[in-house]
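Bear in mind these aren't lab numbers, they're just calculated from the coordinates by the rules spelled out. These figures come from a predicted structure and were not determined experimentally. For neighbour counting, all protein chains shown are included, and Cβ atoms are generated from backbone atoms with ideal geometry for every residue, glycine included.
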Amino acid sequence: MRIFYKEYARVIEWNPAWSGGAPCPQVFSNGHEVYLIYYTNDDNDTLAMTIFSGCHSFRFGIVNDEASNGHPLYHKGLNIYKAHIIENSSWIEELKKIHKVHPRYSSKKWEGYKHYLFFFHDEIFEIITTDYKIERVELPLKELAIDIAIRLNS
């Protein structure tokens, strides 16, 4: 008998935290790595850059803080302006189901994946990934965006 556990959002520590007012998150990807940048709550000039490796999928946008109560995880632990790990992710289960038709499908491949959700002021960023690292960056946004574009295309 297979037991299904209910999906829920668990708030996690995320450092540096983003600005509550205007974090201006941006996402860059080449299909193998995903970069998420945002203004931190340290001051208006400090950016954080999170580099996700081992990425499977991501989505960006979805809902803002004023419509948060319409999100399916709203009554399941979702907090605005926080970072979360989604336990028993329905999105991961959906992706596994899609990939089961592949002749070399293996459920073991999915064991390291985690579903993260970041609730910013005007959007949500979600990602299915195996690893990440975070750096504080003291470059202007435009220079950082150019640096990331170079990294993704090197």
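Take the Kirkwood radius over Cα pairs of the stretch 11-56, plug it into Stokes-Einstein at 37 °C and 0.692 mPa s, and you get 291 µm²/s for translational diffusion. All C-alpha to C-alpha distances of the chain, sorted into 10 Å bins beginning at zero, yield P(r) values of 10, 37, 34, 15, 3, 0 percent in whole numbers.
In this structure, residue 154 and residue 62 have a Cβ-Cβ separation that, at R0 = 30 Å, corresponds to a calculated FRET efficiency of about 0.45. For residue 8, the residues whose modelled amide H falls within less than 5 Å of its own, excluding neighbours fewer than 5 places apart on the same chain, are 87.
Two-decimal Rg/Rh of the stretch 69-154 from alpha-carbon positions, Kirkwood Rh?
Working: Rg = 16.7 Å, Rh = 15.8 Å.
Radius of gyration relative to Kirkwood radius: 1.05.
Rounded to the nearest 10 degrees, the inclination of helix 141-152 to the longest alpha-carbon principal axis of the chain is 40 degrees. Distance between the pseudo-spin-label points of residue 97 and residue 76 (7 Å out from Cα toward the beta carbon): 1.3 nm. Can you tell me the 0 to 90 degree angle between the C-alpha axis of helix 90-99 and the longest principal axis of the chain, rounded to 10? Helix 90-99 sits at roughly 60 degrees to that axis.
Amide H to amide H distances under 5 Å link residue 19 with 39, 40, 41, where only residues 5 or more positions off or on other chains count and H is placed in the peptide plane.
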